[in-house]
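J.: Please see the structure below; I have some questions.
Read the figures in this text as sums done on the coordinates, not as results from a lab. The shown structure was predicted, so the numbers you read here are calculated from the model rather than taken from an experiment. Cβ placement follows ideal geometry from the backbone for every residue including glycine, while neighbour counts extend to all protein chains displayed.
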Amino acid sequence: MTNLRMELKVCEGCGALWLRMNGVCSVYCRGCARQVSDFPAPRPRHAGGRRCTALRPATKSAPVNGAMGLVGGAR
């Protein structure tokens, strides 16, 4: 005789209570799973936008006034 472990689960689509086998990761009941399968698969995310400047190595500023050797915005 084999033991079968079941979990009581609330469907994330309709809120109905249903039983699923232990260790299975489904979150929808059979009716909602059928409706969700009709939707197109989500597109993978891509890294869009500007790159983070905080991870770049610090660069040395060139002197503004070469004769005095001041750096940055000091005058």
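J.: Looking only at residues that are in contact with a Cys (Cβ under 9 Å, 6 or more places away or on another chain) and of a type in the set (D, E, K, R) in the stretch 1-19, which one is surrounded by the most Cβ atoms within 10 Å (Cβ to Cβ)?
T.: Per the stated criteria, the residue is Lys9.
J.: Output the residues belonging to the stretch 1-47 that are small (Gly, Ala, Ser) and either out of contact with any helix residue (DSSP H, G or I) (no Cβ under 7 Å at 6 or more places or on another chain) or assigned to a strand (DSSP E or B) (or both).
T.: Result: Gly15, Ala16, Gly23, Gly31, Ala33, Ser37, Ala41, Ala47.
J.: Sticking with this one: Looking only at the stretch 25-48, count every residue that is loosely packed, with under 13 Cβ neighbours inside 10 Å and under 22 Å from the mean Cα position of the chain (by Cα) and tell me the total.
T.: So the count comes out to 13.
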